[in-house]
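Notes follow the structure.
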Amino acid sequence: MSMRDLRAKGSVACLLALTSMSMAPPAHAADLLIENVTIVSPERTRPLAGQSVLVRDGRIAQIGAAIKAPPGVAKLSGRGKFLTPGLMDSHVHLTTPPGLPLRTNDPTIGPLIDAFNRQQPRSYLYFGVTQVLDPAQVGNSLEMFEAQPQHPDLFRCGAAPVLDGYPTVFVDRAARYSAMPDYLYEPANAQQHPLPQDAKAQDHTPETIVDRIAASGAICVKVFIEDGFGPAAIWPVPSKDTLLRVRAAAHKRGLVLLAHANSLDMQRLALDARVDVLVHGLWNWDEADAKSGMPAVIAAHLRRIRDARVGYQPTLRVMAGTADLFRADTLEDPTYAKVVPTALLAWYASDAGQWFKREMKRDFGDLSDGRIASLQLQVGERGMRAVHHLHELGHPLLLGSDTPSAPTYGNQPGYDTYRELRLLAHSGVPLDAIFRAATLNNARQFHLEKEYGTVTIGKIANLLLLDADPLQSVQAWSRIDKVILRGTVIERDSLAADRK
Ligand SMILES: [Zn+2]
């Protein structure tokens with residue numbers, strides 16, 4: 001079995017469709033004075049102690065050493081604490097609950113999905129994620145996300161798969177075209193993949209697709225460059241010419257172009273087409289199998305990413321999240337109780353809840369669970385080497401956890417964002433670079449810098465009050481005292497799935 005097969009299992013999640021929806025208006029704003037706090041913000045060279053921050057109408061209004069509380073403004077002591085911007089996770093899938101089957105007649109599943117949908121936004125906030133970007137969705141449940149009383153600010157892309165290509169290859173032909181209606185017709189593939197009978201070519205050009213996506217309120221377009229998970233190239237991919245047209249149309253509309261691509265050949269095509277962001281790291285090194293070090297061909301590719309200034313989401317939790325299915329202690333992790341509804345956690349542990357593990361296990365013959373987990377971590381370790389190397393080349397990173405990247409309960413909202421931060425640290429990326437990846441870099445990449453990414457006057461007051469300095473330890477991102485969402489102070493414990 002090749003490493004590519006292993007890696008592939010972690011990508012099933014991009015089996016996602018698109019639905020249009022509009023952004024809900026901002027949450028109600030409150031006025032607040034945070035006093036005597038140490039500001040840690042990515043544009044500053046060092047933390048700034050003894051500051052007060054005044055929040056008005058959900059935005060940062062004033063920052064200074066001695067601000068008097070205007071009448072009627074609530075005060076919050078920041079003594080001994082650290083104030084940071086809220087985190088942005090720019091790769092989350094909000095419409096596919098982890099570990100649950102996508103299609104089922106089992107009547108016990110519906111209530112579990114409801115419970116998950118109610119908790120999901122809280123779980124992101126519990127880990128300090130105040131902005132999320134969902135690059136591709138299924139069904140209508142983004143509305144469910146925004147309907148919850150407390151939720152991170154939500155951004156989305158429109159998905160533009162190539163006709164009959166990944167990820168629609170997992171949907172049968174009868175449902176495929178309506179499941180992801182903004183598919184690209186690819187003239188270069190016309191012989192094997194002609195348009196369905198009732199479709200018109202002019203409705204599926206790069207320009208018309210991007211127009212529809214822009215009109216839906218999306219801030220980005222996601223294309224999929226994936227010719228197959230095994231060594232065989234079995235799925236159609238968009239041509240470079242089509243991708244360049246998508247890019248031109250997206251940029252004309254002010255949209256960012258994201259590409260799914262995680263093998264060397266597919267990432268090369270993405271770079272040829274000058275996409276803006278690669279939504280996965282590179283861990284598929286079949287061309288340069290090496291147990292350690294950095295093969296020259298991979299190093300050259302990473303330099304090309306750096307030189308072209310392409311956004312890079314390492315998504316290290318993809319392989320780790322499938323490995324977690326094969327660990328006996330995953331569901332005993334006490335943090336699971338904080339982010340997973342109690343009933344869903346019990347269901348994961350049940351025989352029915354083990355369905356995806358059983359499905360994956362079939363591909364591994366009689367290998368033990370421990371062996372399967374370590375094989376997957378071995379693939380993931382390549383991704384860690386790549387991200388470390390890319391950082392050493394001076395390339396800025398983007399935080400994106402790809403939660404959930406497959407129907408595995410090993411990926412959980414919020415917790416995986418935190419675990420992605422930890423894996424970045426474990427890869428050797430320094431804490432200040434991780435901090436920027438999670439805040440300012442994401443804001444800049446998605447043209448949100450005016451509103452988010454730093455503790456700066458005028459920006460939206462999505463902030464975190466931490467008990468520890470995140471430039472001293474990555475664990476500080478789990479030592480959250482309070483989450484401030486557009487000026488509203490939220491106690492972290494009140495966000496927990498097991499709150500009393
Ligand atoms: Zn994804």
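Of the residues making up region 369-382, none is at pLDDT 95 or above and either under 21 Å from the mean Cα position of the chain (by Cα) or assigned to a loop (DSSP other than H, G, I, E, B) (or both).
Only residues that are under 30 Å from residue 305 (Cβ atoms) and free of Cβ contacts under 8 Å to residues at least 24 places away in the same chain were counted in region 360-380, giving 0. In this structure, does residue 276 turn out to be in contact with a strand residue (DSSP E or B) (Cβ under 9 Å, 6 or more places away or on another chain) and either within 16 Å of the ligand (Cβ to nearest atom) or among the charged types (D, E, K, R) (or both)? It is true that residue 276 is in contact with a strand residue (DSSP E or B) (Cβ under 9 Å, 6 or more places away or on another chain) and either within 16 Å of the ligand (Cβ to nearest atom) or among the charged types (D, E, K, R) (or both). Six or more apart or on different chains, Cβ atoms under 7 Å: show the pairs whose first residue is in region 96-107 and closer than 12 Å to residue 353 by Cβ and whose second is polar (S, T, N, Q). From residues that are closer than 12 Å to residue 353 by Cβ, the pairs are 98/408; 98/411; 98/412; 99/408.
Results for (1) within 16 Å of the ligand (Cβ to nearest atom); (2) in contact with a strand residue (DSSP E or B) (Cβ under 7 Å, 6 or more places away or on another chain); (3) in a helix (DSSP H, G or I), shown as yes or no for each residue.
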site: 96; (1), (2), (3): yes, no, no
site: 100; (1), (2), (3): no, no, no
site: 103; (1), (2), (3): no, no, no
site: 119; (1), (2), (3): no, no, yes
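When region 195-204 is examined, which residues are found to be surrounded by fewer than 18 Cβ atoms within 10 Å (Cβ to Cβ) and closer than 16 Å to residue 165 by Cβ? Within region 195-204, 195, 196, 199 qualify. Identify the residue in region 253-265 that is at pLDDT 95 or above and within 15 Å of the ligand (Cβ to nearest atom) and, among all such residues, is surrounded by the most Cβ atoms within 10 Å (Cβ to Cβ). Filtering region 253-265 for residues that are at pLDDT 95 or above and within 15 Å of the ligand (Cβ to nearest atom), the one surrounded by the most Cβ atoms within 10 Å (Cβ to Cβ) comes out as 258.
Within the option set 424, 393, being crowded, with 24+ Cβ neighbours inside 10 Å, more than 16 Å from the ligand (Cβ to nearest atom) and of a type in the set (A, V, I, L, M) holds for one residue only, 424. Within region 83-101, restricting attention to residues that are at pLDDT 95 or above and of a type in the set (Val, Ile, Thr), the residue that is nearest to the chain's Cα centre (by Cα) is 92. Among (1) under 30 Å from residue 443 (Cβ atoms); (2) modelled with pLDDT of 95 or more; (3) out of contact with any Ser or Thr (no Cβ under 7 Å at 6 or more places or on another chain), there is one condition residue 167 misses while meeting the rest; what is its number? Condition not satisfied by residue 167: (2). Sort out which residues of region 426-449 are of a type in the set (A, V, I, L, M) and either assigned to a helix (DSSP H, G or I) or within 13 Å of residue 90 (Cα to Cα) (or both), and write them in order of number. Those that are of a type in the set (A, V, I, L, M) and either assigned to a helix (DSSP H, G or I) or within 13 Å of residue 90 (Cα to Cα) (or both): 431, 433, 434, 437, 438, 440, 443, 448. Tell me whether region 176-183 contains one or more residues that are touching a residue at least 40 places away in the same chain (Cβ under 8 Å), part of a loop (DSSP other than H, G, I, E, B) and under 19 Å from residue 247 (Cβ atoms). Taking every residue of region 176-183 in turn, at least one turns out to be touching a residue at least 40 places away in the same chain (Cβ under 8 Å), part of a loop (DSSP other than H, G, I, E, B) and under 19 Å from residue 247 (Cβ atoms).
If you go through region 405-425 and keep only what is part of a loop (DSSP other than H, G, I, E, B), under 12 Å from the mean Cα position of the chain (by Cα) and modelled with pLDDT of 95 or more, you end up with 411, 412, 413, 414.
Taken together, 233, 250 contain a single residue that is under 24 Å from residue 402 (Cβ atoms) and surrounded by fewer than 16 Cβ atoms within 10 Å (Cβ to Cβ), which is 233. Within region 436-479, the set of residues being polar (S, T, N, Q), under 23 Å from residue 67 (Cα atoms) and crowded, with 23+ Cβ neighbours inside 10 Å comprises 462 only. Looking only at residues that are closer than 23 Å to residue 449 by Cβ and within 16 Å of the ligand (Cβ to nearest atom) in region 403-421, which one is surrounded by the fewest Cβ atoms within 10 Å (Cβ to Cβ)? The residue in question is 417.
Specify the residue that is farthest from the ligand (Cβ to nearest atom); the eligible residues are those in region 362-390 that are under 23 Å from residue 261 (Cβ atoms) and of a type in the set (A, V, I, L, M, F, W, C).
For region 362-390, the residue satisfying everything is 375.
A single entry from 82, 145 fulfils the requirement of being closer than 23 Å to residue 32 by Cα and of a type in the set (Phe, Trp, Tyr): 82. Here residue 198 meets each of (1) within 23 Å of the chain's Cα centre (by Cα); (2) part of a loop (DSSP other than H, G, I, E, B); (3) not aliphatic (A, V, I, L, M) with one exception, condition (1).
The values are calculated or read from the model by the stated rules, or taken from the named source; none is laboratory data. Model, not experiment: these values are computed from the prediction. Using ideal geometry, Cβ is built from the backbone for each residue, glycine included, and neighbour counts are taken over all protein chains shown.
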